[in-house]
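> Have a look at this one.
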Amino acid sequence: MLDLYNNNYDTKVLLEHIYAINLLDILKTQTIDATFASRYILNKNFQLTKEEEEITPELVLFYQPHISKDELYNKFYTHEVFDSSFIDFETFSKRN
């Protein structure tokens, strides 16, 4: 399991463990970009808990102050359809 509160991880590592770690913990402890925030943190397909479902763009901006409101909203509303084929929950669950 990743130790988000004591280590920083790159996007690749976070994505490899996306189903095992709380999105709010990622938001609070890691430095992410607007693309990651819009594709994963704000994506209902990855919000597995009630706490995660309550994550808003405003909360992303609070915990990631380096992301501008315009950049986040632009990524959220205009990003290309993301390819989730490399993030397969069934495969993930079998290896963990």
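The values are calculated or read from the model by the stated rules, or taken from the named source; none is laboratory data. All values reported here derive from a predicted model rather than from experimental measurement. Positions of Cβ are generated from backbone atoms using ideal geometry, with glycine treated the same way; all protein chains shown enter the neighbour counts.
> Can you find, within segment 56-69, the residue that is farthest from the chain's Cα centre (by Cα) among those that are part of a loop (DSSP other than H, G, I, E, B) and buried (at least 18 other Cβ atoms within 10 Å of the Cβ)? Give the steps one after another, and end with the answer.
Keep residues of segment 56-69 that are part of a loop (DSSP other than H, G, I, E, B), which gives 56, 64-68.
Those still in the list that are buried (at least 18 other Cβ atoms within 10 Å of the Cβ) too: 64, 67.
Working: Gln64: 12, Ile67: 14 Å.
Among those residues, the one meeting the criterion is Ile67.
> Out of Phe46, Phe76, which single residue is of a type in the set (Phe, Trp, Tyr), touching a residue at least 12 places away in the same chain (Cβ under 8 Å) and either within 21 Å of Met1 (Cα to Cα) or in contact with a His (Cβ under 7 Å, 6 or more places away or on another chain) (or both)?
On the way: Phe76 fails: either within 21 Å of Met1 (Cα to Cα) or in contact with a His (Cβ under 7 Å, 6 or more places away or on another chain) (or both).
Of Phe46, Phe76, the one residue that is of a type in the set (Phe, Trp, Tyr), touching a residue at least 12 places away in the same chain (Cβ under 8 Å) and either within 21 Å of Met1 (Cα to Cα) or in contact with a His (Cβ under 7 Å, 6 or more places away or on another chain) (or both) is Phe46.
> Do we have Ile18 as among the β-branched types (Val, Ile, Thr) and in contact (Cβ under 8 Å) with a residue 24 or more places away in the chain here? Before you say what the answer is, go through the steps one by one.
On the way: among the β-branched types (Val, Ile, Thr): yes; in contact (Cβ under 8 Å) with a residue 24 or more places away in the chain: yes.
Judged against the criteria, Ile18 is a match.
> Can you work out which of the residues in segment 5-48 that are polar (S, T, N, Q) and modelled with pLDDT of 95 or more is nearest to Phe76 (Cα to Cα)? Please lay out each step first, then the result.
Quick first cut of segment 5-48, residues polar (S, T, N, Q) only: 6-8, 11, 22, 29-31, 35, 38, 43, 45, 47.
So of that shortlist, the ones also modelled with pLDDT of 95 or more come out as 6-8, 22, 29-31.
Working: Asn6: 29, Asn7: 27, Asn8: 24, Asn22: 20, Thr29: 21, Gln30: 19, Thr31: 17 Å.
Among them, the one singled out is Thr31.
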